[in-house]
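What follows is a set of notes on a single structure, which appears directly below.
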Amino acid sequence: MSDISITHLPYSDWTPRAVADARRASQAQYVHGFTDILKSEAPIQALNLFQIYAKAGGLMKIARPTRRLMERAILLAEKSGDVLIEREDDPEATDENDSVAWIIRLPDQDRVRVRTLGPRGFADIPMSELAAVVLEIRTSDELMGREEIYRAVLEFYELQKLTALVRRRLDKVLETYF
């Protein structure tokens, strides 16, 4: 696999700054904070965006009511054209309305950006980004088997373990995109 070259960018972390408390933020405060984070980290899963925002506002864990406030805020931001939301078929989402499957970006940003893993967990990588990585791998060797693809993706993201989560997400990518 080491002879496969995948064009990618380094993951760009948002430099944390103080934001309004997620439990009490106004729509304008949410949009300002989300937009600032998105400039560095998009496209990003909504839940990951919410966690970054909440942590910058002093929260370590997002309770269900706070998550609902953030979901409502990002949906309003989508309606106003401040952000774009792509709803992906993510196996970790409970249904199409689950914000785990919402990939958020600013209107002037690329839909897919292949990046290093950075501070993300494997579950935080958008399915469309995983599909782009798998496409590059399959383009280099069309006869590569499923297990070899799994290993090549792990190597690209510098991960060691082929966990059930990795397998589930890559199986979904292969089923949906290939």
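The values are calculated or read from the model by the stated rules, or taken from the named source; none is laboratory data. Treat the numbers as computed from the prediction; the structure is a model and nothing was measured. Here the Cβ is made from the backbone with ideal geometry for all residues, glycine too, and neighbour counts use every protein chain on show. Areas reflect the complete protein model, heavy atoms only, side chains present, ligands, DNA and RNA absent. Shrake-Rupley method; radii C 1.70, N 1.55, O 1.52, S 1.80 Å.
3J(HN,Hα) along the range 93-103, derived from phi through the Karplus expression 6.51 cos²θ - 1.76 cosθ + 1.60 where θ = phi - 60°, amounts to 7, 6, 6, 5, 8, 6, 5, 4, 8, 8, 9 Hz, with x in place of Gly and Pro.
Label sites at L143 and R68, each approximated as a point 7 angstrom past Cα along Cα to Cβ, lie 5.7 nm apart. Apolar share of the accessible surface for the range 89-176: 47 percent from carbon plus sulfur atoms, 1.4 Å probe.
Take the chain with all the other protein chains still there, run a 1.4 Å probe, and you get 53 Å² of accessible area per residue.
Rank I37, L143, A101 by how far each Cα sits towards the positive end of the charge dipole of the chain (+1 on Lys, Arg Cβ; -1 on Asp, Glu Cβ) and give me just the farthest. Final value for the positive-end residue is I37. Counting every C-alpha pair in the range 7-53, the share spaced more than 14 angstrom apart comes to 49%. Each of Q27, L76, S5 was placed along the dipole of the chain (beta-carbon charges, centred on the mean Cα), and the one lying farthest toward the positive end is Q27. Taking the range 43-66 and a reference point 7 angstrom along Cα→Cβ of T94, the backbone N atoms nearer than 13 Å belong to 64-65.
For the range 131-178, the average shadow cast by the Cα convex hull is 3.0 nm², which is a quarter of the hull's surface.
Here the dipole of the range 86-163 is about 260 debye; that uses its Cα centre as origin and unit charges on the Cβ of Lys and Arg (positive) and Asp and Glu (negative).
Label point of S40 set 7 angstrom out along Cα-Cβ; within the range 76-93, amide nitrogens under 20 Å from it belong to 83-84. Around the Cα centre of the chain, unit charges on the Cβ atoms of Lys, Arg, Asp and Glu (plus for the first two, minus for the last two) sum to a dipole of about 940 debye. Each of I52, L170, A123 was placed along the dipole of the chain (beta-carbon charges, centred on the mean Cα), and the one lying farthest toward the positive end is I52. The dipole here belongs to the range 1-56: it is taken about the Cα centre, uses +1 on the Cβ of Lys and Arg and -1 on the Cβ of Asp and Glu, and is about 320 debye. Estimate the FRET efficiency between T116 and T163 by the formula 1/(1 + (r/R0)^6), using the beta-carbon distance for r and 30 Å for R0, to the nearest 0.05. Calculated transfer efficiency: 0.95.
Grouping the Cα pair distances of the chain into 10 Å bins from zero gives a pair-distance distribution of 9, 37, 33, 16, 4, 0 percent in increasing distance order.
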